[in-house]
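Read-outs throughout are calculated quantities, based only on the coordinates presented, and are distinct from any laboratory measurement. None of the values given here were measured: they were computed from a predicted structure. Neighbour counts run over all protein chains shown; Cβ positions are idealised from the backbone, glycine included.
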Amino acid sequence: MQQIQKYIAPVFESLSRGNFISENSSKYDARKLHEVVSENFEAFHEYYLALNFKLEPHAGSSYYYFSRLESRYNLEQKLMKFYDYIDILAFFSDYNVAFGEGFRFSVSDLEQKCKADTNLSDQLKILVPEELPFIERVRKVVKTMNDRGFFECEDEERQDYKVLSAYHYLQELVQLIDIEATNEETSK
């Protein structure tokens, strides 16, 4: 417990806000947190479990997150919120089929593609329905994903971003939904 003491608060502060701790972060502090959690997973897991937070590793431990046992009402609210992520994933997948963990992009490249591709433009208008210029709409979507720990800004001046390994979490959830829907359709 002694070796994790100084990391308990920073890990909690990050994960309790719904963020992820990703192995492929460019930021030293984030990578250090991932390393400490990986080396002391059981100690962290037990500590947070006592606080009613379950520390979850991704298979392969490329990222960590918190989960909680939820009431049916809270679970339904979270599912409704997840619909937004499905639209965001579709948007980025249409931007580039290779979009995923480790992918790098700039806000200006994304904006230019949205201006040239009516499908992307329509999706962006759904994601950010406010009457804003393309660049501001793109920035809003990217900021949301950055704030939630799925993207990381590598160069603020050029607005270059990297997709973190936590993005895989969203992709896996969407695949589970697709698999469940497909299984239900074939059993009818």
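Please give the helix 72-95 orientation as an angle from the longest Cα principal axis of the chain, in degrees from 0 to 90, rounded to the nearest 10.
On a 0 to 90 degree scale, this one is about 50.
Provide the gained length on full extension for the span R104 to Q5, in nm with one decimal, where the gain is 0.36 nm per separating residue minus the Cα-Cα distance.
32.2 nm
Could you list I88, I126, I21, I8 so that the one with the fewest beta carbons within 10 Å of its beta carbon is first and the one with the most is last?
Placing the least packed residue first, the sequence is I126, I8, I88, I21.
In deg cm²/dmol, rounded to 500, what helix-only [θ] at 222 nm does the chain give when every DSSP H run of at least 4 residues adds -39500 (n - 2.57) and the total is split over its residues?
-19000 deg cm²/dmol
If you line up the long axis of helix 5-15 against the longest principal axis of the chain, both from Cα atoms, how many degrees apart are they, to the nearest 10?
The angle comes out near 30 degrees.
For K140, list the aspartates and glutamates whose Cα falls under 13 Å from its own Cα; do not include residues on the same chain fewer than 8 positions away.
E111, E130, E131
Between the helical axis of 167-186 and the dominant principal axis of the chain, each derived from Cα atoms, what acute angle in degrees is found, rounded to the nearest 10?
On a 0 to 90 degree scale, this one is about 70.
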